[in-house]
Amino acid sequence: MSRSNRLPKILCLHGSGTNLDIFQIQTRKLRNHLKNSFRFIFVNAPFSSPPGPGVLPFFNADDDFYAWIPHRRRSRKPHSRGIDLMKEREADEGLKRALLDINELEVPFVGVMGFSQGAGMAASLLLRAQQSRNRGENCYWGSLQFGIMFNGTADYDVIRIPTVQVHGLLDPWLKNGRSMLDCFFARETVDLIEFNVGHHLTPEEDGARRVADVIRKMDACNFEKKGGSKEMSLVVTEIFA
């Protein structure tokens, strides 16, 4: 085995509507600085895609372009952040097949580098690695130690069903609750109520009334949208963690 083949590996995930050749060109200068420290493994995403922004006319329109999420399923909001387990599973399986095809599946990776949608995929792999270690479980991606993200985006939908979200400002898990709100809910559909309490439900009559008022408001808006129908579609989310 040559010395270069013994170097630790970094998985390289290109952006949507591009391919591994384009990502190699984009990262050439960076890789030149690290050529004696790491081996960079490039793969194409599993799904065909139209050319991404800025690809044409700099690259040949007849080339094949790829994406980590099927083009027909993408959100119209390219910077929305959320999780779709089926999409992630499909992309993960396609990624492993690509690594198997180039005989790079057996030796684990120490890092992952991604651009744009590829950075979103990289974040997913890093999260999986972290969760597997925290749970003491075996996971192919558990070897990942770091990530390199360029202009990251994720094409997943956020939750747009109206919610009232109640945070206790003294809750030890307040940071987690705020993170969940920011990542998975469209803020324009959220009524956020904060109380100076810990990890429990609203303790006072006034607090309960405030939450109830928001619930009634959401119900009234939903009633109007349905043209006066009695059918309800109401979600109330009380987040303290």
Problem set entry | For region 121-136, 3J(HN,Hα) per residue [Karplus equation, 6.51 cos²θ - 1.76 cosθ + 1.60, θ = phi - 60°, Hz, x = Gly/Pro] | 5, 4, 4, 4, 5, 5, 4, 5, 4, 4, 5, 5, 5, 4, 8, x
For this session: Apply the Karplus parameterisation 6.51 cos²θ - 1.76 cosθ + 1.60, with θ equal to phi minus 60°, to every residue of region 168-179 and state each ³J(HN,Hα) to the nearest whole Hz, in sequence, with x for glycine and proline.
Result: x, 5, 9, 5, x, 9, 4, 4, 5, x, 5, 5
For this session: With a 10 Å radius around each residue's Cβ, average the other Cβ atoms per peptide and rank 185-191, 46-52, highest first.
Result: 46-52, 185-191
Exercise. Order of 206-212, 22-28 by packing, highest average Cβ count within 10 Å first?
Worked result: 22-28, 206-212
Problem set entry | Ranked by how many other beta carbons lie within 10 Å on average, peptides 35-43, 130-138 from highest | 35-43, 130-138
Exercise. Check Ile193: other-chain or 5+ apart residues with amide H under 5 Å from its amide H, H built from backbone geometry?
Worked result: Gln165, Val166, His167
For this session: Using amide H atoms built 1.01 Å from N in the peptide plane, name the residues 5+ places from Gly15, or on other chains, whose amide H lies under 5 Å from its own.
Result: Phe115, Gly118
Exercise. Can you list residues whose amide H is under 5 Å from Phe185's amide H, if they're 5+ apart or on another chain and H is modeled 1.01 Å from N?
Worked result: Ile159
Seminar exercise, completed: Residue-ordered couplings for region 35-49, obtained by feeding phi - 60° into the Karplus form 6.51 cos²θ - 1.76 cosθ + 1.60 and rounding to whole Hz (Gly and Pro as x), are 5, 8, 10, 9, 10, 9, 10, 9, 9, 7, 5, x, 10, 5, 8
Seminar exercise, completed: Taking r as the C-beta separation of Asp62 and Ile193 and R0 as 51 Å, the FRET efficiency to the nearest 0.05 is 0.40
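FYI, it's all coordinate maths here, none of it is from the lab. Please read all numbers here as calculations on a predicted model, not as lab measurements. Here Cβ is always computed from backbone atoms with ideal geometry, including for glycine, and neighbour counts include all displayed protein chains.
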